[in-house]
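Data block below; observations after.
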Amino acid sequence: MENFIFNSPTRFIFGADEHKRTGKYLAQCGAKKVLVLYGGGSVLRSGRLQEIVDSLDAAGVDFLLLGGVQPNPGSSFVYQTIEAARPEQVDFLLAVGGGSVIDTAKAVAAGLLYDGDFLDFYRGKPVEKALPVGVVLTIPAAGSEGSPNTVITDEENKIKKGTKSDCLRPRFAILNPELTFTLPKYQSACGICDIMAHILERYFSKTPDNAVTDRMCEAVLLAVKDVAMRVIIDSEDYQAQAALMWAGMLAHNNICGVGREQDWASHALAHQLSALFDSAHGAALAVVFPAWMRYCVDEDVELFARLAERVWQVPASDDKRQMALAGIDRYQEFLKGLGLPSRLEHLDVPEEAIPQLVAQLKAACGDTVGNFKKLSMADAEAIYRGCR
């Protein structure tokens, strides 16, 4: 196990109706003028946004409402939001939504305290300060409600990249499973894939002797696997949605990743699909991750076989490689069972686009990507071509 520092200062407020007390929690944080960011129609149609706004009014917290955050959030919206918010002298960001809204709020929170181009932070400049961010989560998926991470697409260059800093961890996150009841099944399935991928990016590591985090990763994967179909069948299954919502946070606040080198190649490959073809992030991961696993299985067959046995219930065998491949097959069949794609063509990505995807990956990440197996751009091309 490697040395590590783990800091998770976010206050998590979990349960039914807690979003109706958002104003109270903002007042406790000292917020005076809040920029409330949200996405599209469902939070409006359901009346949930109005309930949140009413709580701000009741708590005497002034606010500015701004909607329209899109999936795979882009730089143009961030620029527009910074320009609109700066003269309002907001001192707090409230994200009402999922990962796209939260990541946008984090970008704006950093950009409002910076005189330069906020994309500098996504090109390598450290984020040293940002306005505080709060969250009312409506989609269990990205885990941004508990993480220091944010991902934005540079629309001019068609590059999707992330940055992270502990100052971007939300001050509080309200997690009410009831707010997920209106999610479309496909969106829930994409979220499930994203949650599992966040765990797997940490699980596949060359760092030895990580028994505690290995078992934590396996436990969260099993919990997600056990409730996934319940959520797809009945979106109003409160207990299943509660388990999924908490798993999404645990998957990405890094408690399951401390003390080990992590991979993140599959996310990098998937990000280019989102940047160039606007693929849903979870759907892109459903296509890429099994292909990455098949390509990298011989890096540590024992690890793949252990995952297959402990999570996917593949019977133990002396043939560890056969176990490993069976586990990958079961993982992909699980994703297909949720209604997720398995091939690039399912994302409307033509084979002739692969060289452009590789070029974009190189522009975003350099000559290699990942850590479990250092992938060259030739390796990346082979994985894209293996997405089946």
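Some notes on this structure:
- The value of relative contact order for the chain, using C-alpha pairs under 8 Å at least six residues apart, is 16 percent.
- Taking Cβ atoms as reference points and 11 Å as the exclusive limit, the residues near C29 contribute a net charge of +3, counting Lys and Arg as +1 and Asp and Glu as -1.
- The peptide list 85-97, 102-114, put in order of mean Cβ contacts within 10 Å with the highest first, becomes 102-114, 85-97.
- Charges were assigned to the Cβ only: +1 to each Lys and Arg, -1 to each Asp and Glu. The resulting dipole of region 97-176 about its Cα centre is roughly 220 debye.
- Here the Debye sum runs over all C-alpha atoms of region 266-347 as equal scatterers in vacuum, and log10 of I(q)/I(0) at q = 0.16, 0.17, 0.26 Å⁻¹ comes out as -0.61, -0.67, -1.14.
- Anchor K24: aspartates and glutamates whose Cα lies under 17 Å away (excluding residues fewer than 8 positions away in-chain): E51, D54, D57, D62, D91
- Most to least packed among 301-311, 156-166 [average Cβ atoms within 10 Å]: 301-311, 156-166
- Pairwise centroid distance, computed over Cα atoms, of region 215-231 with region 263-280, Å: 23
- Net charge dipole size for the chain [Lys, Arg +1 and Asp, Glu -1 on Cβ; Debye, nearest 20]: 380
- Separation of the Y114 and K374 label points, Cα + 7 Å toward Cβ, nm: 2.9
- Cross-link table K20/K160; K125/K160; K33/K129; K106/K373, entries beyond 23 Å C-alpha to C-alpha: K20/K160; K106/K373
- With Cα atoms defining each centre, region 309-388 and region 15-87 are spaced 37 Å apart in the structure.
- Positive contributions from Lys and Arg (+1) and negative ones from Asp and Glu (-1), summed over other residues with Cβ under 13 Å from the Cβ of D237, come out at -2.
- Sorted from greatest to least, the principal axis extents spanned by the alpha carbons of region 175-228 come out as 42, 19, 17 Å.
- Net charge contributed by nearby residues that have their C-beta within less than 13 Å of F63 (K/R +1, D/E -1): -3
- Rounded to 0.05, the FRET efficiency of the Q322 and Y186 pair, given R0 = 41 Å and the Cβ-Cβ distance, is 0.80.
- Considering only the chain, percent of DSSP beta bridges that pair antiparallel, nearest 5: 25
- Computed over protein heavy atoms with a 1.4 Å probe, the accessible surface of region 41-126 works out to 43 Å² per residue.
- The phi-based Karplus calculation (6.51 cos²θ - 1.76 cosθ + 1.60; θ = phi - 60°) puts the 3J(HN,Hα) values of region 169-179 at 5, x, 5, 8, 9, 9, 10, 10, x, 4, 6 Hz, whole numbers, x for Gly and Pro.
- A straight Cα-to-Cα reach below 19 Å connects K336 with the aspartates and glutamates D194, D226, D234, E345, D348, residues fewer than 8 places away in its own chain not being considered.
- Region 45-110, relative contact order [Cα under 8 Å, separation at least 6], %: 34
- Extension gain for E2 to V212 (0.36 nm times residue separation, less C-alpha to C-alpha distance): 74.3 nm.
- Along the axis of the charge dipole computed for the chain (Cβ charges of +1 for Lys and Arg, -1 for Asp and Glu, origin at the Cα centre), the listed residues I52, G74, G337 are led at the positive end by I52.
- Multiplying each eigenvalue of the alpha-carbon gyration tensor of the chain by 5 and taking the square root yields semi-axes of 34, 23, 19 Å, largest first, rounded to whole angstroms.
The values are calculated or read from the model by the stated rules, or taken from the named source; none is laboratory data. Only a predicted model underlies this, so the values are computations on that prediction, with no experimental measurement involved. Cβ: placed from backbone, ideal geometry, glycine included. Neighbour counts: every protein chain shown. Just so you know, the surface numbers come from the protein's heavy atoms only, side chains and all, with ligands and any DNA or RNA stripped out. Shrake-Rupley method; radii C 1.70, N 1.55, O 1.52, S 1.80 Å.
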